[in-house]
1. Return the residue satisfying two criteria in turn: it lies in region 290-335 and is touching a Phe, Trp or Tyr at 6+ places or on another chain (Cβ under 7 Å) and among the acidic types (Asp, Glu), and of such residues it is farthest from Asn90 (Cα to Cα).
2. Just the residues that are in contact with a strand residue (DSSP E or B) (Cβ under 6 Å, 6 or more places away or on another chain), farther than 14 Å from Ser391 by Cα and either of a type in the set (Asp, Glu) or at pLDDT 95 or above (or both), please, taken from region 316-337.
3. Among Lys392, Lys385, Lys352, Lys337, which is in contact with a Ser or Thr (Cβ under 6 Å, 6 or more places away or on another chain), over 30 Å from Thr49 (Cα atoms) and free of Cβ contacts under 8 Å to residues at least 60 places away in the same chain?
4. Pull up region 277-302, narrow it to residues that are at pLDDT below 95 and part of a helix (DSSP H, G or I), then point me to the one that is surrounded by the most Cβ atoms within 10 Å (Cβ to Cβ).
5. Are any residues in region 198-224 charged (D, E, K, R) and touching a residue at least 60 places away in the same chain (Cβ under 8 Å), and if so, which ones?
6. May I ask you to list the residues in region 303-354 that are crowded, with 19+ Cβ neighbours inside 10 Å, among the small types (Gly, Ala, Ser) and assigned to a loop (DSSP other than H, G, I, E, B)?
7. Of all residues in region 70-90, which are within 15 Å of Ile255 (Cα to Cα) and either charged (D, E, K, R) or without any contact (Cβ under 8 Å) to a residue 40 or more places away in the chain (or both)?
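The values are calculated or read from the model by the stated rules, or taken from the named source; none is laboratory data. Worth saying up front: this structure is predicted, and the values here are computed from it rather than measured. Glycine also receives a Cβ, built like all others from the backbone with ideal geometry; neighbour counts cover every protein chain displayed.
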Amino acid sequence: MINEKMAKTAGSNSAVREMFEEGTRLKKLYGPENVFDFSIGNPYFPAPTSVKTAIVEILDTLDSNYIHGYMSNDGYPEVRQTVAEYINRNFGDDISGDNIIMTVGAAGGLNAALKALLNPGDEVLVPAPFFLEYGHYVENYGGVLVPVNSREEDGFMINVQAIGEAITSKTKAMIINNPNNPTGVIYPASVVEELAAMLEAKQKEYGTSIYLISDEPYRELAFDGAQVPYLPKYYRNTIVGYSWSKSLSLPGERIGYLEIPPRVDDYEVLRSAISICARILGFVNAPSLMQLVVQRCINETCDIAAYDNNRKLLYNGLTELGYTCAKPEGAFYLWLKTPTADEKEFIAEAKKHNILLVPGTSFRCPGYVRIAYCVSPDTIKGSMKGFAELSKLYNLK
């Protein structure tokens, strides 16, 4: 028999992935233009042309053994230094390349950090709703995920008081995703300051270190002038996980980094442990070619305005039909309150119109669905007929 925990996990496949696979099947039956797949955060808008230019230049000018060979587990030193300088320039920090570890996407980085931090039974807090894979990441290393409901009445803002009440002597870390997947909310500096003060007080109360792991693949996707706070500025024990999957539309290339500031508790041991964890987990090092590519494209982003246009198109279209939605401030997801308490019923009705949505229960928040609007504008426009029929079905207008 295989590992019992993995057998159970395999039997409860990700709802996001299930809908993504269902979308592939339906597109073969009805044609891609007639299926409105809002399931997965797979960017429709292409990477900047500078990415292709960088790839060609690297392959044409650098030694092949250097491009495709092994390097330090931490990544190319010059790439890590470029990332550190970018952070210093944009966020006013004073770190070096030694504080950066290149990772296999943000997921690889978070797994390495959690493996280095957690002992069996250690608790990891996360505001709900949250990215569904966090639970698996924590459980991989014997940790216990502790969800804490956010304030629904306040647009799913973090409930700092409730988080403080959930902290115990076993609390080792907290994961924060800013901008948030699935709600699109951005936690502003004022809330981050309140959270940081509470965590500092709890560290003193219990005589322990509580690490704040900031998962930031959507950092650049902020709209209407909203600012995403740089968490290490507010809380000393912060580790940042970043990915270029969204900012450069490179999800399949699996390239990101961890930032481990020198001021975190047990820095030397923790940094070394995370570096070794990347090897133990089998990553060895982040993809070599893509490290060199992101170094050259460090100041580039995909077309943020295109995502903003999609955001407005979807939000305005749905609210005009009578739906209640949390207006996203960042990322590329819209969080829709279903007109029936059983969101799976609503999802089934939507599927009759070839509209594919992800249930809120997957994010520990029933009664909602997530709509990924990182799609073609035509997909949003085409879906509105089906959403209108659903609006009539549930008497929303």
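1. Restricting to residues being touching a Phe, Trp or Tyr at 6+ places or on another chain (Cβ under 7 Å) and among the acidic types (Asp, Glu), the top hit is Asp308.
2. Residues satisfying the conditions are Pro328, Gly330, Tyr333, Leu334, Trp335.
3. Criteria check complete, one pass: Lys337.
4. The residue in question is Ala278.
5. Asp215, Glu216, Glu220, Asp224
6. Ala331
7. Hits for region 70-90 are Asp74, Arg80.
Results for (1) modelled with pLDDT of 95 or more; (2) part of a loop (DSSP other than H, G, I, E, B); (3) buried (at least 22 other Cβ atoms within 10 Å of the Cβ), shown as yes or no for each residue.
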site: Ser245; (1), (2), (3): yes, yes, yes
site: Gly252; (1), (2), (3): yes, no, no
site: Pro262; (1), (2), (3): yes, yes, no
site: Val269; (1), (2), (3): yes, no, no
site: Ser272; (1), (2), (3): yes, no, no
